[in-house]
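Chemist: Quick one: the structure is below, and I'll ask about it shortly.
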């Protein structure tokens, strides 16, 4: 049941409400979706987990045109389902972070913000490649940590409904019956086994090295870190608006040169189909 609040006017101002992680994502999508952006109210949830929580809460209150879009990070994309009429609430891109869509060498070199130093396409690309080359072990470490988190907390149980737990025996039974509880010992044992950490890091390093050698690092390495490195190279500024301003400038170049990432146009069209626009 919908609870009246000050959000009402904001959530019905436009046909589609899309919650995103941060201000950079909001500004970037607004720029590349023009003129269709008039259909969208893009709002900032303030973090990866917050997107899902906000969308779920609002949908429970019968706001059916509310959706989310968040970074894939080390999880799974649901892009393969975007073209279908599904029950997706939060859309997850195929690239690691939103900044990975901004790793467009021609756009970074051609955008207006690059007027000061006028870095060439090759210079921008080489700078990014150098940065990526220094990140392989860091990305491998992150991959292992994300994998361990998945092992230990996948299927973490929800709180029981009120009335279903009235005694200690009920509480014990509820927790013990959860798949998370039943598999926790095996998953934690793997992490604690001697040699597991070294083996897992070695495997992750091989994955990240493959990404680096194949060029997939553009999609799989931390776009946020590479984009910020390039921002310093292009504008030599470090204020709070610098990342967002560069993202907007890249977006404008992509729109003007018909090079908006196809995946993000698919996202826009999928959302429009969901509400029959």
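Chemist: Does residue 95 fit the bill of being within 17 Å of residue 24 (Cα to Cα) and without any contact (Cβ under 8 Å) to a residue 60 or more places away in the chain?
Modeler: No.
Chemist: On to the next question. Which of the numbered conditions does residue 163 fail, given that it passes all the others? Conditions: (1) free of Cβ contacts under 8 Å to residues at least 60 places away in the same chain; (2) over 22 Å from residue 76 (Cβ atoms); (3) in contact with a helix residue (DSSP H, G or I) (Cβ under 7 Å, 6 or more places away or on another chain).
Modeler: Condition (3) is where residue 163 drops out.
Chemist: Here's a follow-up. Exactly one of these conditions fails for residue 69: (1) within 11 Å of the chain's Cα centre (by Cα); (2) not in a strand (DSSP E or B). Give me its number.
Modeler: (2)
Chemist: So, one more: Does residue 241 meet the test of being free of Cβ contacts under 8 Å to residues at least 12 places away in the same chain and either in contact with a strand residue (DSSP E or B) (Cβ under 8 Å, 6 or more places away or on another chain) or under 22 Å from residue 70 (Cα atoms) (or both)?
Modeler: Spelling it out, residue 241 is indeed free of Cβ contacts under 8 Å to residues at least 12 places away in the same chain and either in contact with a strand residue (DSSP E or B) (Cβ under 8 Å, 6 or more places away or on another chain) or under 22 Å from residue 70 (Cα atoms) (or both).
Chemist: Return a yes/no flag: does segment 38-56 have any residue that is closer than 20 Å to residue 259 by Cβ and in contact with a strand residue (DSSP E or B) (Cβ under 8 Å, 6 or more places away or on another chain).
Modeler: There is no residue in segment 38-56 that is closer than 20 Å to residue 259 by Cβ and in contact with a strand residue (DSSP E or B) (Cβ under 8 Å, 6 or more places away or on another chain).
Chemist: Okay, moving on. Looking only at segment 1-15, filter to residues that are surrounded by 12 or more Cβ atoms within 10 Å (Cβ to Cβ) and outside any loop (DSSP other than H, G, I, E, B); which one of those is modelled with the highest pLDDT?
Modeler: 11
Chemist: Inside segment 128-149, can you point out the residues that are touching a residue at least 40 places away in the same chain (Cβ under 8 Å) and out of contact with any helix residue (DSSP H, G or I) (no Cβ under 9 Å at 6 or more places or on another chain)?
Modeler: Scanning segment 128-149 gives a single hit, 146.
Chemist: What is the number of the single condition among (1) at pLDDT 95 or above; (2) part of a loop (DSSP other than H, G, I, E, B); (3) surrounded by fewer than 22 Cβ atoms within 10 Å (Cβ to Cβ); (4) touching a helix residue (DSSP H, G or I) at 6+ places or on another chain (Cβ under 7 Å) that residue 125 does not meet?
Modeler: Every condition holds for residue 125 apart from (2).
Chemist: Please determine whether any residue of segment 257-276 is touching a helix residue (DSSP H, G or I) at 6+ places or on another chain (Cβ under 6 Å), surrounded by 12 or more Cβ atoms within 10 Å (Cβ to Cβ) and farther than 15 Å from residue 98 by Cα.
Modeler: Scanning segment 257-276 turns up no residue that is touching a helix residue (DSSP H, G or I) at 6+ places or on another chain (Cβ under 6 Å), surrounded by 12 or more Cβ atoms within 10 Å (Cβ to Cβ) and farther than 15 Å from residue 98 by Cα.
Chemist: Now, a different point. Scan segment 132-163 for residues that are under 21 Å from residue 224 (Cα atoms) and within 21 Å of the chain's Cα centre (by Cα) and report the count.
Modeler: 13
The values are calculated or read from the model by the stated rules, or taken from the named source; none is laboratory data. Computed from a predicted model, the values in this text were never measured in an experiment. With ideal geometry, Cβ positions are generated from the backbone for all residues, glycine too; neighbour counts draw on all protein chains shown.
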